[in-house]
Amino acid sequence: MGIECNDMTLDVMRQSYDFMMIVDIEHTCSHDGSIPPEEREIIELGAVVVDIKSSEIIDEFSALVRPQRHPQISNFCSQLTGITQSELDNSDNFKIVFSDFLHWYSKTPRVLFATWGAYDLVQINIDCASQNLPHFSPDAALNLKKIFKKVNKLKKPVGLARALELCQCEFEGSHHRALDDARNTVKLLPFIFSNTKPL
């Protein structure tokens, strides 16, 4: 379930959870609409575990995922993410990767699941459904993109790159790579959980 947050809720979360897990995914895509949204597949899953009070990363997960419904990724997708076909051909399928992720996920107690935007969790469950796996529903899920907009009184939600710009934070690594996106999202936590505001 999602969490509707106000300042009090954010304070309660800091007291109720020891850790936050920020998850990011990359999925198959095309520029011509040849892959409809319901047929997208995760091709990379990245996550970081953060100490919710210090915003320090204490653990990481990263894995490429071999797509099955559309096993050949488009040139557009490869150029966007930097992920190559040969890398995916040598990767495990979603069932195996997600099983590994759940095992890793279960090792962290009192963890708040978070993503930049709502879609990552949607796509995870598209893949779960297509692979006949149980629906994935964290005890608590935080949409950091939505909260960043509200806390900083923006007119509309912004992407990760723009949010970093507003906070005068430099993106490190490669945009549209799951682990790098998750790591960079951590930089925005002080602008959500403290009085330090970019605007």
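Outside any loop (DSSP other than H, G, I, E, B) and open to solvent by 40 Å² or more (accessible area, probe 1.4 Å): which single residue out of Glu44, Glu38, Glu26 fits that description?
Values: Glu44 fails: open to solvent by 40 Å² or more (accessible area, probe 1.4 Å); Glu26 fails: open to solvent by 40 Å² or more (accessible area, probe 1.4 Å).
It is Glu38.
In the stretch 114-151, which residue that is polar (S, T, N, Q) and in contact with a helix residue (DSSP H, G or I) (Cβ under 7 Å, 6 or more places away or on another chain) is surrounded by the most Cβ atoms within 10 Å (Cβ to Cβ)? Outline the logic, then answer.
First, pick out the residues of the stretch 114-151 that are polar (S, T, N, Q): 115, 123, 125, 130-132, 137, 143.
Those left that are additionally in contact with a helix residue (DSSP H, G or I) (Cβ under 7 Å, 6 or more places away or on another chain): 115, 131.
Values: Thr115: 26, Gln131: 13.
The extreme case among them is Thr115.
Looking only at the stretch 1-45, filter to residues that are of a type in the set (Ser, Thr, Tyr) and out of contact with any Lys or Arg (no Cβ under 7 Å at 6 or more places or on another chain); which one of those is modelled with the lowest pLDDT? Can you show your working first?
Start the filter on the stretch 1-45 by keeping residues that are of a type in the set (Ser, Thr, Tyr), which leaves 9, 16-17, 28, 30, 34.
Those left that are additionally out of contact with any Lys or Arg (no Cβ under 7 Å at 6 or more places or on another chain): 9, 16, 30, 34.
Details: Thr9: 64, Ser16: 85, Ser30: 92, Ser34: 89.
Of everything passing the filter in the stretch 1-45, Thr9 is modelled with the lowest pLDDT.
In the stretch 80-199, counting only helices (runs of 4 or more DSSP H) that sit wholly within it, the ones holding 2 or more residues that are farther than 20 Å from Ile58 by Cα span 85-89, 94-106, 119-130, 144-151, 160-166. Of the residues screened, Val186 is not one that is over 18 Å from the mean Cα position of the chain (by Cα), β-branched (Val, Ile, Thr) and open to solvent by less than 40 Å² (accessible area, probe 1.4 Å).
Every residue, every condition in (1) more than 18 Å from the chain's Cα centre (by Cα); (2) under 20 Å from Ala140 (Cβ atoms), yes or no:
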{"site": "Arg40", "(1), (2)": "no, no"}
{"site": "Val50", "(1), (2)": "no, yes"}
{"site": "Lys53", "(1), (2)": "yes, yes"}
{"site": "Pro71", "(1), (2)": "yes, no"}
{"site": "Ser78", "(1), (2)": "yes, no"}
{"site": "Thr84", "(1), (2)": "yes, no"}
{"site": "Ser91", "(1), (2)": "yes, no"}
{"site": "Phe94", "(1), (2)": "no, no"}
{"site": "Leu102", "(1), (2)": "no, yes"}
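For residues that are surrounded by fewer than 23 Cβ atoms within 10 Å (Cβ to Cβ) and touching a residue at least 24 places away in the same chain (Cβ under 8 Å), scanning just the stretch 50-59, find the one that is farthest from Ile126 (Cα to Cα). Ranking the qualifying residues of the stretch 50-59, first place goes to Lys53. Within the stretch 152-173, the set of residues being touching a residue at least 12 places away in the same chain (Cβ under 8 Å) and open to solvent by 60 Å² or more (accessible area, probe 1.4 Å) comprises Lys153, Pro157, Gln168, Glu172. The number of residues in the stretch 63-75 being outside any loop (DSSP other than H, G, I, E, B) and surrounded by 14 or more Cβ atoms within 10 Å (Cβ to Cβ) comes to 2.
The values are calculated or read from the model by the stated rules, or taken from the named source; none is laboratory data. Note that the coordinates shown come from a computational prediction; the quantities given were computed from them, not determined experimentally. Note that each Cβ is placed from the backbone with ideal geometry, even for glycine, and that neighbours are counted across all protein chains shown. Calculation scope for accessible area: heavy atoms of the full protein, side chains included, ligands and nucleic acids excluded. Shrake-Rupley method; radii C 1.70, N 1.55, O 1.52, S 1.80 Å.
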